[in-house]
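In what follows, a structure is listed as structure tokens, so that the remarks can point back to it.
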Amino acid sequence: MNKFSSISLAAVLAVLAAPAFADELNVVCSNEQDWCDLMASNFEAATGIDVAMVRKSTGETLAQVRAEAGNPKIDVWWGGTGDPHLIAAAEDLTEASGADTSALLPWAVNIAEISGGKTIGIHAGALGIAYNADILAEKGLKAPACWKDLADPAYKGEIQVANPNSSGTAYTELATLTQLFGEDEAFKLLAEIGANVNQYTKSGSAPSKAAARGETTISIGFMHDMVNLRKAGFPLEIVAPCEGTGYEVGGVSVIKGAKNPEAAKKWVDFVLTAEAQQAGLQVGVYNVPSNSGASLDPDSPDLSSIKLIDYDFATYGASDTRERLLARWEAEVKGAGGAVEE
Amino acid sequence: MKRTAGLWLLIGLAGYALLPWYMVSGGVFSLGWMNEMTGTGAAPALLQVVLHGKWWLSGPLPAFAAAALVLALVHGQTAMARGLIIAAAAGLGFLIAEALLIPGTAARFGWIAGEGQPGMGAGAFVTALGLLMILTTGISGLGRGRGDAFVTGLIGLIVALVATFVFYPVAHVLIRAFEMKGGAGYGISEFFGRFFSADLWGLGCLTGAECGPAINSLILAVMTGAGTTALGLAFALIFTRTGFRAKPLLRVLTIIPIITPPFVIGLALILLFGRAGTVTEFFADAFGWEKTRWLYGFGGIYLAQMLSFTPIAFLVLIGVVEGVSPSMEEASQTLDADRWQTFRYVSLPLMRPGLANAFLLGFIESLADFGNPLVLGGNFNVLSTEIYFAIVGAVADPAKAAILSIALLVMTLGAFLIQRRWVGKKSYATVTGKADSGRHAALNPALRWACYLTALPWAAFTAAIYSMIVFGSFVKLWGYDHSFTLEHYIRAFSVSFANGVRFTGSAWDSYFTTLTIAGISAPLTAFVGLATAYLLVRQKFAGKEAFEFSTMLSFAIPGTVIGVAYVMAFNFPPIELTGTSVILILVFVFRNMPVGVRGGIAAMSQLDRSLDEASLMLGANSFTTARRVIAPLLGPAILAALTYSFVRAITSVSAVIFLVSARHNMATSFIVGRVENGEFGFAIAYSAVLILTMLAAILILQLLIGKRRLRRADRVEA
């Protein structure tokens, strides 16, 4: 019995080798790992505040912020698509940082206004089409240039796109087409494209990765992901659709009830500066920084040369619009067939 | 009883009076709290009551006093036991009520307005443990558990642990299944409609359309369970019943898939069998076959799951197949049965517990598997991915996630009950301690060749996949640019020797954290798992079946749900653990413990009770018997439990994604981030290093634990 006691006691004590809550800034980063690391070390060098950072995808971060509401372990959430940031703001999970937005581009300020200052735009990325040049040539298909080209029956089984029920990227596409063509016309087009889709993936970045490897011929997704893959050496060609395209705005938010609110505000101020944003060029960040003073990579998709729609974040980010569009997508696009494996 | 209860009384009292009741910053081992023992933060409960007016913490004190009085004054055995039970149960009940009623910043239900308290710390845990053990000692005093304080103590401890770290968090998530739409509170009315909806259970695939995810999961799980069991058995038979020459090589090949981060297998399969894969290209060029995307869907997931989970079946079965007594087989042959009859009517029935447990594990693993369906799922929807996206997708729906989790649990419960019936109540004891020096009957030629023909091509396939993975880590861009490079390794694992050794590679941090956490959680998992198995096989107590199923619960629920459940349950007092390494250790221990339990049950049902009885009759108590007689005979089961829990702590993804924090990041979540970013070479290089690390760890474990000696000739009849 005595030995058993000591074993169980030792086990319990091992479990109690408990945590440290030192003064520091806890950041969740939803950008690329290298970009996260670089920003953290730059911030540490500039402010002397100790940064503890972990990288998680936006959906996972939002789920965690929800579960931790009331006693958050995260101070600030930086990066990732804007929608989850806006949802967090609407659910009152984040709080206004009061950062100065005067040097920012209009779309970044727009996000801040919609959310009451709770999230501020840090970068933008346009939606685009990519195709694998090798496979396209092998199949003897012509390259798509417009959204409407994708409805061509020649592409049957060649297009891959994410499912908007699980992916924010695909929802941006749905909302973009709705804004470009009007709702009825957009759903007709989506159903026609749907007849060519081989798979509705769960994750938004999966289609472009599949196109890069030749697992599908054409993908729809964010251009900066495509540039990334192209730079890695894949034979991926990127198309800015001729009718115009929508875009996402990445955000930065301070979590409500953060343990280190002062440091969190400093982080927000810091990541909005031109110097901090253009450092992304060193690690290959191809989306467009929100500070008008930040310089751009020659390879990154130049938003001024792309026909961008006037994306209505307030309407299409609202949950009732979202639910209505998704229900309609489920019935008219997914339900209308498509998703054919050859 | 008196001594034991007295000892626990002192331990509990020490926890109450000396250790800080609440969590202290820096941890209890930093000892910094000793200087502040009178402050509100670090004071033990006794001082909290006296100095800070936290009167609700006084509950355990009268309980200890009453227990001490009982021990000192009462003489009759039964009366003393009753007294201890009443005192300890009251103290424990008060402690739990106080902890649940006054969480965080304000008391629940407006009970004592304005009072809140931080998370429980070392003092609270030791006090609770002391009370629990006094309670169980008292119960043993009533003659339960054969009057053995060790047995009742162990049951009490495991029940308490499972309740705290499985039921308590899981309840947080499952209750949301009853949440009404639009924030209208909770109710049962919407639940049944959603649970039995055709979206979930649709049988469309029988008529050519799509099935619901629940049916898809079920079909996949049954096939994976059956397939992995059959393959695992073939491998186990080759090892124990044939003279196959390259056994060590085969051993490595059977183990290697479980030590692989899940997405790596998927990626390798895509590169081989995807539409642009090597094998696909080869057949397209050679035979003019159409290049298809068959891999994305049922076929691909099934292949990946077979690869991933066959080793688990093998690990469970090898010990069981080895343990089947040669004497029985010899007796059968003496009675003129041929080898096939001996195998069919003697050996195979004796392996039943092993087969059943291997199937159950394969079934459950398949249901809860998340990585493979995510990569290879195509349009084939299964519950685990649906649940993940119900939680983190663009439209978060916690109620849907909870309902799908319940569907998963129902299936697990069903499989569990069926396997119980199938194994039945027969005796499978074949390790008896009697002279037993026979040799295992070799397989008859037909069966031997059947084993070779299933297992060896599979092993070759595994070898091909793993050489591809190693290849992938040394080339610039796997699939496109095959020029040799060490760049991926350098980026991940570079070391700088200027000014002493510094680990500059970006992977080191998560690598060390992962090894530490896996190293701590593995022995704990094996201990809890095997102790549970010991209770289930060797002891009789009320509610045993429910207890057995409850230990399977955390395993059957997908990692994502467990992850969220742990955040919801352990982010707030009374138990506040998020952001620490403790929560990672706990999630691994309680998630992987069922493998220890299943393996332990399978192995232990082979050990004849007469061994325990002989030991007990010679005056040893249950603890000594478990340690000196049973544990040494469980070598393979201990090895399997340790290996599995170590490996799972390193390779699991979905559960840890919500639990990792900046200070405690795990290798898999780091790798997944890299994959999301398209850095395949880096991710594969890191995975290759992890695979080698785990392989080394397994070999060391094997050396340390060694083989159990059954005093049987370790060879097979010619």
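The values are calculated or read from the model by the stated rules, or taken from the named source; none is laboratory data. What you are looking at is a predicted structure, and each value in this text was computed from that prediction instead of being measured. Reconstructed Cβ throughout: ideal geometry from the backbone, glycine too, with neighbour counts over all protein chains shown. Each accessible area value is taken on the protein alone, full model and side chains, heavy atoms only, with ligands, DNA and RNA left out. Shrake-Rupley method; radii C 1.70, N 1.55, O 1.52, S 1.80 Å.
Residues of the range B:26-74 that bury at least 20 Å² of accessible area once all protein chains are present, compared with their chain alone (1.4 Å probe, heavy atoms only, ligands and nucleic acids left out), are B:Gly26, B:Gly27, B:Val28, B:Phe29.
Within chain B, which is the longest segment containing none of the trypsin sites (Lys or Arg not before Pro) that sit in a DSSP loop and have at most 14 other Cβ atoms within 10 Å?
Numbers: sites that count: B:Arg245, B:Lys425, B:Lys426, B:Lys434, B:Lys540, B:Lys707, B:Arg709, B:Arg711, B:Arg715.
That gives B:1-244 as the longest site-free run.
A Förster distance of 60 Å, applied to the separation of the beta-carbon atoms of A:Ala274 and B:Leu203, puts the FRET efficiency at 0.50. A 1.4 Å probe over all protein chains sorts B:Trp340, B:Trp449 by accessible area into B:Trp449, B:Trp340, starting with the largest. Across peptide A:51-61, the average count of Cβ atoms from other chains found within 10 Å of a residue's Cβ is 6. Placing R0 at 56 angstrom, the Cβ-Cβ distance between B:Ala97 and A:Glu237 gives a FRET efficiency of 0.25 after rounding to 0.05. When the listed pairs A:Lys156/A:Lys334; A:Lys202/B:Lys400; A:Lys73/A:Lys202 are checked against a 22 Å cut-off, the alpha-carbon distance exceeds it for A:Lys73/A:Lys202. Protein heavy-atom accessible surface, 1.4 Å probe, per residue over the protein assembly as shown: 37 Å². Grouping the Cα pair distances of the range B:487-705 into 5 Å bins from zero gives a pair-distance distribution of 1, 7, 13, 15, 16, 14, 12, 9, 6, 4, 2, 1, 0 percent in increasing distance order. Averaging the Cα positions of each part gives two centres, and for the range B:266-294 and the range A:138-199 these lie 26 Å apart.
With each label point set 7 Å from Cα along the Cα-Cβ vector, what nm distance links A:Gln282 and B:Ser483? Label-label distance for A:Gln282 and B:Ser483, simple model: 2.6 nm. Counting only lysines at least 8 places from B:Lys425 when in the same chain, those with an alpha carbon closer than 26 Å to its own are B:Lys434, B:Lys540, B:Lys544.
Report, in cubic angstrom per residue, the convex hull volume of the C-alpha atoms of the range B:199-470.
On the way: hull volume 46.6 nm³, N = 272.
With only Cα atoms used, the range B:199-470 gives 171 Å³ per residue.
When all protein chains stay in place and ligands, DNA and RNA are ignored, the 1.4 Å accessible-area order of B:His482, A:His123, largest first, is B:His482, A:His123. Between B and A, roughly 6600 Å² of accessible area is buried in total, ligands, DNA and RNA not counted and the probe set to 1.4 Å.
The alpha-carbon atoms of chain B, seen along their principal axes, cover 86, 67, 66 angstrom, with the largest extent given first. Residue by residue along A:62-75, Cβ atoms of other protein chains within 10 Å of the local Cβ number 6 on average.
What residues in the range B:538-575 lose 40 Å² or more of accessible surface when the other protein chains are added to their chain alone (1.4 Å probe)? Residues shielded by partner chains are B:Val567, B:Asn571, B:Phe572.
Sites counted here are GluC sites (Glu not before Pro) in a DSSP loop (not H, G, I, E or B) having no more than 15 other Cβ atoms within 10 Å; the longest part of chain B that contains none of them is B:291-718.
Using only alpha-carbon positions, what ratio does the radius of gyration of the range B:2-142 give when scaled by 2.2 N^0.38 Å? Present the calculation step by step, with values, prior to reporting the outcome.
Details: Rg = 15.6 Å, N = 141, 2.2 N^0.38 = 14.4 Å.
Rounded to two decimals, the normalised Rg is 1.08.
For the protein assembly as shown, the list of Cys residues with no other Cys C-beta under 4.7 Å reads B:Cys451. Within the listed set A:Ala88, A:Ala67, A:Ala170, the Gaussian network model of chain A (springs between alpha-carbon atoms below 10 Å) gives the highest mean-square fluctuation for A:Ala67.
List the residue ranges in chain B for DSSP H helices whose C-alpha atoms run 30 angstrom or more along the long axis and whose Kyte-Doolittle average is -1.0 or above. For chain B, where a helix must reach 30 Å along its axis and average at least -1.0, the hits are B:77-101, B:213-241, B:298-323, B:398-423, B:445-473, B:508-538, B:581-604, B:680-705.
When we measure straight from the Cα of A:Lys231, which aspartates and glutamates land under 12 angstrom away, once same-chain ones fewer than 8 places off are left out? Those aspartates and glutamates meeting the cut-off are A:Asp299, B:Glu679.
Net length available on complete extension from B:Leu701 to B:Arg421 is 97.3 nm, with 0.36 nm assigned per residue and the Cα-Cα distance removed. Would you mind telling me which residue in A:Ala327, A:Ala133, A:Ala294 has the biggest mean-square fluctuation in a Gaussian network model of chain A, where springs connect alpha carbons within a distance under 10 angstrom? The residue that fluctuates most here is A:Ala327. From helices alone, chain A scores -12000 deg cm²/dmol at 222 nm; the rule is -39500 (n - 2.57) for each run of n ≥ 4 DSSP H residues, then divide by the residue total. Taking only the alpha carbons of the protein assembly as shown, we obtain Rg and Dmax values of 30.2, 96 Å in that order. Interface residues of the range B:511-533, defined as those losing at least 20 Å² of solvent-accessible heavy-atom surface relative to the isolated chain (probe radius 1.4 Å), are listed as B:Leu524, B:Phe527. Each part reduced to its alpha carbon centroid, the range A:51-86 and the range A:225-268 end up 14 Å apart. Per residue, the convex hull around the alpha carbon atoms of chain A comes to 177 Å³. For the protein assembly as shown, with all protein chains in place and a probe radius of 1.4 Å, 63% of the accessible heavy-atom surface sits on carbon or sulfur.
Centroid-to-centroid, using Cα positions, the range B:212-227 and the range B:32-105 are 50 Å apart.
Peptide A:159-167 has a mean shielding of 3, counted as Cβ atoms of other protein chains within 10 Å of each residue's Cβ.
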